[in-house]
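The values are calculated or read from the model by the stated rules, or taken from the named source; none is laboratory data. Small disclaimer: the values here were computed from a predicted structure and weren't measured. Cβ sites come from the backbone with ideal geometry, for glycine too, and all protein chains shown count toward neighbours. Heavy atoms of the whole protein, side chains included, go into the accessibility calculation; ligands, DNA and RNA do not. Shrake-Rupley method; radii C 1.70, N 1.55, O 1.52, S 1.80 Å.
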Amino acid sequence: MPTFQRGHTTIAYTDTGAPAGREDAPVVFFAHGLLFSGWMFQHQIAALSDRYRCVAIDFRGQGDSPRALGGYDMDTLTSDVTELLRHLQISVVNFVGLSMGGFVGMRLAARNPEIVHSLTLMDTAATAEEPANRSRYKMLAKVYRAAGIKPLRSRVAPIMLARQNLSAPWVDEWLARLERNDRAGLVKAIESVADRDPCEAEAGRIIAPTLVVVGDEDAATPPAKSRRLLELISNTTFHEIPGAGHSSSMEQPTRVTSVLEAFLSEHNG
């Protein structure tokens, strides 16, 4: 997997490149949720890469990006995205962010409207984390750092997945990928998401056409929180995905891809 350097920090990413004969193809940039990597968009990338250049980042301490010395907060992650785009000489993107990726996407779209042509926000919210969840996630992070993910499967999976997907074939691979992460780096990422600042004021400044997608069984970001984005962002379309929890791109890939393809086609005609 290719990487780029931002100071002392190494950040991994994938890039399908432009489709053959389409050097000017629009770019779709994917930003994953906590405990995942760009891998969580594998189905969407496979479906779109014949028409779009698809780029996916692995945030600090997750996926193939090693632990960083610091800078796991949402503002720094947003700067990581802008630096990666500069590195790849990409000036405009259709941004797709799930959960943590959505926190980054809202900041990027509000602060750099010239970069974000369209915005897709999946299983995410503009609010800070609920205090009870913040304490719970930090406790689980401490256990993970000491013992790894296996003892926590029965507690973490229901936060991330709808009940019907708890034993899906890909879940074992997801957990195996988590087990390979540097634990200290992933703990920092968890703590930064738990302690994130709200971005409701910034969301209200977003001008890019926005698609909001949420699993109807999302326990981490209930649909009501995603619906709140409709009040904050002026040009917004909403889709609730049946049979999905907080990881909708993996849980219901066909439904999610269909909704995303239609939205991208509408705004990249």
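If you build a Gaussian network model of the chain, linking Cα atoms that sit under 10 Å apart, which residue out of Ser258, Ser99, Ser65 swings the most? Checking each option, the largest mean-square fluctuation is seen for Ser258.
The stretch between Gln164 and Ser265 holds 33.3 nm of extra length on full extension. This uses 0.36 nm per residue minus the Cα-Cα distance. Residues whose amide H lies under 5 Å from that of Ala31, counting only those 5 or more places away or on a different chain, are Val96, Gly97, Leu98; hydrogens are built 1.01 Å from N in the peptide plane. The gain in end-to-end length when the Thr127 to Ser49 segment is fully stretched comes to 24.8 nm, 0.36 nm per residue minus the alpha carbon separation. The residues of the chain expose, per residue, 41 Å² of accessible area to a 1.4 Å probe.
Mean residue ellipticity at 222 nm from the helices of the chain, using -39,500 (n - 2.57) per DSSP H segment of n ≥ 4 over the full residue count, to the nearest 500 deg cm²/dmol? Kindly include the intermediate steps, with their values, before the conclusion.
Values: 11 runs with 113 residues, N = 269.
The helix-only estimate for the chain comes to -12500 deg cm²/dmol at 222 nm.
Carbon-plus-sulfur fraction of the accessible area of the chain, 1.4 Å probe, in percent? Of the solvent-accessible surface of the chain, carbon and sulfur hold 49 percent. Fully extending the segment from Asp75 to Thr10, taken as 0.36 nm per residue of separation minus the present Cα-Cα distance, adds 21.7 nm.
The distance separating the Cα centre of the stretch 69-91 from that of the stretch 187-252 comes to 20 Å. With charges only on Cβ, +1 for K and R and -1 for D and E, what is the dipole size of the stretch 110-269 about its Cα centre, in debye, rounded to 20? Once rounded to the nearest 20, the dipole reads 760 debye. Would you list, by chain and number, the aspartates and glutamates whose Cα falls below 17 Å from the Cα of Lys150, excluding same-chain residues fewer than 8 positions away? List returned: Asp172, Glu173, Glu179, Asp182.
Note on Glu179/Glu83: beta-carbon distance plugged into 1/(1 + (r/R0)^6) with R0 of 25 Å gives a FRET efficiency of 0.30.
Express as a percent, rounded to the nearest 5, the fraction of DSSP beta bridges in the chain (both residues included) that run antiparallel.
Numbers: 8 of 33 bridges.
Of all bridge pairs located within the chain, approximately 25 percent are antiparallel.
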